[in-house]
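Here is the structure we will look at.
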Amino acid sequence: MKQVIMGNHALSYGAMLSRVQVIAAYPITPQTQVVELLSEICADKRLDAEFVKVESEHSALAASMGASAVGARVFTATSSQGLALMHEIIHWTVGARLPIVLGNINRAMGPPWSIWTEQNDSLSERDTGCIQFYAQNNQEVLDTVIQAFKVSERVFLPSMVILDAFVLSHTSELVDVPEQKLVDEYLPPFAPKYKLDVNEPHTFGGLTGPDGYYELRYKINEAMEEAKEVIKETGKEFGEKFGREYGLVEAYRMDDAETVLVTSATIASTARVAIDELRKEGKKVGLLRVRVFRPFPSEEIRELLSGRKKVALIDRNISFGHGGIFAQEIKSALYNYKDTPPIWGYIIGLGGRDVTVNDIKGIINDTIESDKPEKDIIWKGVRL
Amino acid sequence: MKLTIPQEELVTSGHLACQGCGGALCMRYALKALGKNTIVDIPACCWSVIDGPFPHSSLRIPLFHTAFETAASVASGIRAGLDALGKKDINVLAWAGDGGTFDIGIQALSGAVERNDDIIYICYDNEAYMNTGIQRSSATPYGAWTTTTPVKHFKKMAKKDMVKIMAAHRIPYTATSSVAYPEDFIKKVEKAKKIKGTKFIHILSPCPPGWKSQPEDTIKLARLAVSTCIFPIYEVENGEKYTINKVIKNPRPVKEYLGRQGRFRHLKEKDIEQIQENVIESYRELLKKANIEEEIHIKEG
């Protein structure tokens, strides 16, 4: 059924349709509507789930772990400072191989206080082993929650479904909310082989020396590698069932593109308009949207970027002292390979500053007109 | 003679506790009371090591090792998960040391108690961060030496009163116990098992390496802690009804307890007098709460 819903409610409906059994969450702007709607959904029994109203994000994820470890399907949601507080437990969730799905609203970190969008919160969790999906619209938010459970429960790693603060979280869009019956056919109940079970007692996470730990990390990386295939497979299967297919990346007007713009999340939606307008002017430009950041789709990116003339990268995030984080990742994916194009790394829209079609067109035109990248970081629109 | 303590052993031999470890005995007794139908989570504490390195485990029940400050929150999650799956009759035990309870885990514990989540939280208290090598915690008593409260600057603050904090939450059941009184401890765990909501049991657990005491003195010290009134054993129901399980009319002098531990060796006579005074004052306050009118006199010699 088509409904006009905000991004936060797309997360809630995604969790509801996935028939989550336990929710543990703590409120933070701009995530609050996610848990408010889920509270209502649980209260009026549209969803038969236990909702643990914890006293912090740290406890939200810790309680999620306990519930997941006994074999329940678990959802939580947070943003920014809340995600940073969860950081330790994200590592623990990965090490314990618990397939929890976490909705994160991208919000800038303080100080100074900011509630607007920026990707530094989730990108700071880059090396935890949590799968990361960046959504570009509310439909994708809802669809990705359902897919994330399927992926996580196959590879036993948690997933983060990420959306921009306000641009998606509080913006209403037309969303096709799928029928429960179809979702049930797509997503079977969670039935882990190993769990906390009094009839078959096991110890989880016991002290492990150097002779064992190394192999356990190898296994996590192996699961991440496997996740690439599983994401593609489940995204395709989703398309067959619901008519909307998803992959690791999305290519737009790339066939003969000489200059490619690479970006993620809602900037990609805006960029599509910019690409269309530039195409009308006869410029051979295309767009590559990175949907999944972990595992990183290196092969797909290499395939789509090698042989191109130029690449412009837009990052709504910054690794201080080095540059945009997607830019770094893409550069490292291309290194050691042939026919790699030069990359212009632009930083834009930090702390929720608007990113317009004209901004993006400007970036692409600057890239076309420039011979080579003069600096590692190109600040777009900084007012000093 | 009729045995009052269940015979089934759910803690196996081969665990890694130090000689004379009170904490190992505490777990053994607690699991005797709770039985096999129990899931436990353990945050960073001595028991993270005692349980045994992977792939070994000395517990015969499912165990989830977790991060330092999450004993209560993980237990809440385990309970929620079990409820969601319709497995409501399983005991959920959070098992933490004093650092994980009094200090870094107090927020999560307070949250669980306020929500009245149906879990049993047991704190085995060895009065310092023993697993990291004897650093002070807020459970370290006044006067004690630790590596972070060296002799010249021994701990000048009193031990945090955790049971009082729990009672202020109007927790359905909270109690103290001592490893020298297994029947008392087991009875309390069995009682906790039958009560719905959050239960908090605080058990004193001597630590020979940390207290600089003899391993063979563990039980003696745990008993002296009670008979000197330094660690009275009592219970509080719904935050209001105080029951002292072992009323001490003639407390032993505290010096008998302190003198057997190297961690108090530096104390001067006046320090010991001060501790003695504080102990009696606290005990009088407790008697009052339990509505017991009793004159107490220290039993010398």
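Loop-located GluC sites (Glu not before Pro) in region B:254-301 (DSSP state not H, G, I, E or B) with no more than 15 neighbouring Cβ atoms inside 10 Å: B:Glu293, B:Glu294, B:Glu295, B:Glu300. Comparing A:His322, A:His91, A:His58 in a Gaussian network model of chain A (Cα springs below 10 Å), the most mobile by mean-square fluctuation is A:His322. Helix B:269-289 and the longest principal axis of the C-alpha atoms of chain B enclose an angle of approximately 50°. For chain A, take the longest principal axis of its alpha carbons; what is the angle in degrees between that and the long axis of helix A:57-69, to the nearest 10 within 0 to 90? Roughly 60 degrees, rounded to the nearest 10.
Residues whose amide H lies under 5 Å from that of A:Val52, counting only those 5 or more places away or on a different chain, are A:Ile23, A:Ala24, A:Ala25; hydrogens are built 1.01 Å from N in the peptide plane. Oblate is the label for region A:1-124, because a/c, from the alpha-carbon gyration tensor with a ≥ b ≥ c as root eigenvalues, is 1.5 or above and a/b does not exceed b/c. Highest mobility in the GNM of chain B, judged by mean-square fluctuation with C-alpha springs under 10 Å and restricted to B:Thr132, B:Thr243, B:Thr147, is found for B:Thr132. Mean partner shielding of peptide B:51-62, defined as the number of other chain Cβ atoms within 10 Å of each residue Cβ, is 5. Note that region B:22-289 shows a convex hull volume over its alpha carbon atoms of 113 Å³ per residue. Excluding same-chain neighbours fewer than eight residues apart, the aspartates and glutamates reachable from A:Lys280 by a Cα-Cα span under 19 Å are A:Asp255, A:Asp256, A:Glu258, A:Asp359, A:Asp366, A:Glu369.
Extension gain, B:Ala158-B:Lys220: 0.36 nm per intervening residue step, less the Cα-Cα distance, totals 20.0 nm. In chain A, the calculated helix contribution to ellipticity at 222 nm averages -13500 deg cm²/dmol per residue, counting -39,500 (n - 2.57) for every DSSP H run with n ≥ 4. Distant-in-sequence amide contacts of A:Gly103, defined by a placed amide H-H separation under 5 Å and a gap of 5 or more residues or a different chain, comprise A:Thr76, A:Ala77, A:Thr78, A:Val161. Using R0 = 51 Å, the C-beta based FRET efficiency linking A:Glu233 and B:Arg170 works out to 0.45. Round to the nearest 0.05 the FRET efficiency obtained for B:Arg60 and A:Lys193 when R0 = 25 Å and r is the Cβ-Cβ distance. Rounded to the nearest 0.05, the efficiency is 0.75.
The antiparallel fraction among DSSP beta bridges confined to region B:22-289 stands at about 25%. You can think of it this way: the chain between A:Asp339 and A:Arg126 has 73.9 nm of extra reach, that is 0.36 nm per residue less the Cα-Cα gap.
Given the pairs B:Lys87/B:Lys191; A:Lys45/B:Lys191; B:Lys160/B:Lys188; B:Lys88/B:Lys159, which span a C-alpha to C-alpha distance of over 27 angstrom in this model?
A:Lys45/B:Lys191; B:Lys88/B:Lys159
Computed from the C-beta positions of A:Glu226 and B:Val151, the FRET efficiency with R₀ = 51 Å rounds to 0.35.
Compute the separation of the alpha-carbon centres of region A:234-291 and region A:119-153 and state it in Å as a whole number. Using only Cα atoms to place each centre, the spacing works out to 18 Å. Measuring from centroid to centroid over Cα atoms, what is the spacing of region B:28-54 and region A:32-98 in Å? The distance from the Cα centre of region B:28-54 to that of region A:32-98 comes to 25 Å. Within the same chain, lysines fewer than 8 places from A:Lys375 are excluded, and of the rest, those with a Cα less than 27 Å from its Cα are A:Lys283, A:Lys284, A:Lys309, A:Lys310, A:Lys331, A:Lys338, A:Lys361. Annotation: the antiparallel percentage among DSSP beta bridges lying fully within region B:91-213 is about 10.
Structure note, pairs A:Lys193/B:Lys32; B:Lys32/B:Lys194; B:Lys155/B:Lys241: Cα-Cα distances above 21 angstrom occur for A:Lys193/B:Lys32; B:Lys155/B:Lys241.
Note on A:Lys2: lysines with a C-alpha under 20 Å away, same-chain residues under 8 apart excluded, are A:Lys181, A:Lys241.
Computed about its Cα centre, the charge dipole of the protein assembly as shown is approximately 1540 debye, with only Lys, Arg, Asp and Glu carrying charge at their Cβ.
When the Cα gyration tensor is reduced to axis lengths a ≥ b ≥ c, the ratio a/c is 1.5 or higher for region B:1-113, and with a/b not above b/c it is classed as oblate. Sort region A:249-379 into rounded, prolate or oblate with this rule: let a ≥ b ≥ c be the square roots of the eigenvalues of the Cα gyration tensor; rounded if a/c is under 1.5, and if a/c is not under 1.5, prolate when a/b is larger than b/c, oblate otherwise. In terms of gyration-tensor shape, rounded. Helix B:218-227: angle to the longest alpha-carbon principal axis of chain B, degrees 0 to 90, nearest 10? Once rounded, one gets 70 degrees. If I stretch the segment between A:Ser172 and A:Glu281 completely, what's the gain in nm (0.36 nm per residue apart, minus their alpha carbon distance), one decimal? Once the chain is fully extended between A:Ser172 and A:Glu281, it gains 36.0 nm. Residues whose amide H lies under 5 Å from that of A:Val249, counting only those 5 or more places away or on a different chain, are A:Arg291; hydrogens are built 1.01 Å from N in the peptide plane.
All of the numbers you see were taken from the coordinates with simple rules; none came from a lab. Remember, it's a predicted structure, so these values are computed and weren't measured experimentally. Cβ: placed from backbone, ideal geometry, glycine included. Neighbour counts: every protein chain shown.
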